[in-house]
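Structure first, then comments.
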Amino acid sequence: MEITQTESGEVLIFALAGRLDAKTSEPFEQQMLAALAAGRRKLLIDFSSLDYISSAGLRVLLLAAKKLQESKGKIVLCALKPALKTVFEIAGFSSIFPIFDSPADGLTDLTKA
């Protein structure tokens, strides 16, 4: 899996490519926790190049969401492929995370918050 971090104002963007599974979730978790420890409160996760997510990947997102909720921050997800969107709906995560069709839409939501 490839993780690319960029910034847009106060928003930290994680673009994920490949597979987010038990093998690859640890580096992503470390980067997310480091960002939160550094005081980042607005995160956008771009799934446009992600092909697969396992329960380990979902756990990392849930962990970040809980930590952001404690600090009054926000995480949004965007550009989920249909198969990934189905996983989020079945797992009940679509009610936990704001999900947007494009990174631009997610960024707009975070910058108005």
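The values are calculated or read from the model by the stated rules, or taken from the named source; none is laboratory data. What you see is a predicted model; the values in this text were computed from it and never measured. Note that we place each Cβ from the backbone using ideal geometry, even for glycine, and neighbour counts take in every protein chain shown. Side chains are part of the model used for accessible areas, which takes the heavy atoms of the whole protein and leaves out ligands, DNA and RNA. Shrake-Rupley method; radii C 1.70, N 1.55, O 1.52, S 1.80 Å.
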Loop trypsin sites (Lys or Arg not before Pro), segment 1-81 (other Cβ atoms within 10 Å of the site Cβ: 10 or fewer; DSSP): K72
- prompt: Once the Cα gyration tensor of the chain is found, what semi-axes does its equivalent ellipsoid get, as square roots of 5 times the eigenvalues, in whole Å, sorted largest first?
  reply: 19, 16, 14
- prompt: So how strong a dipole does segment 8-113 carry about its Cα centre when Lys and Arg Cβ are +1 and Asp and Glu Cβ are -1, to the nearest 20 debye?
  reply: 280 debye
query: When the helices in the chain are scored as -39500 (n - 2.57) per DSSP H run of 4 or longer and the sum is shared across all residues, what 222 nm value do you end up with, to the nearest 500 deg cm²/dmol?
result: -13500 deg cm²/dmol
query: What accessible area per residue comes out for segment 47-113, rounded to a whole number of Å², with a 1.4 Å probe?
result: 53 Å²
message: Give the aspartates and glutamates whose C-alpha is closer than 16 Å to that of K66, dropping any in the same chain fewer than 8 places away, or say none.
response: E29
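Please report, in debye to the nearest 20, how large the charge dipole of segment 72-113 is about its Cα centre when each Lys and Arg carries +1 at its beta carbon and each Asp and Glu carries -1 there.
140 debye
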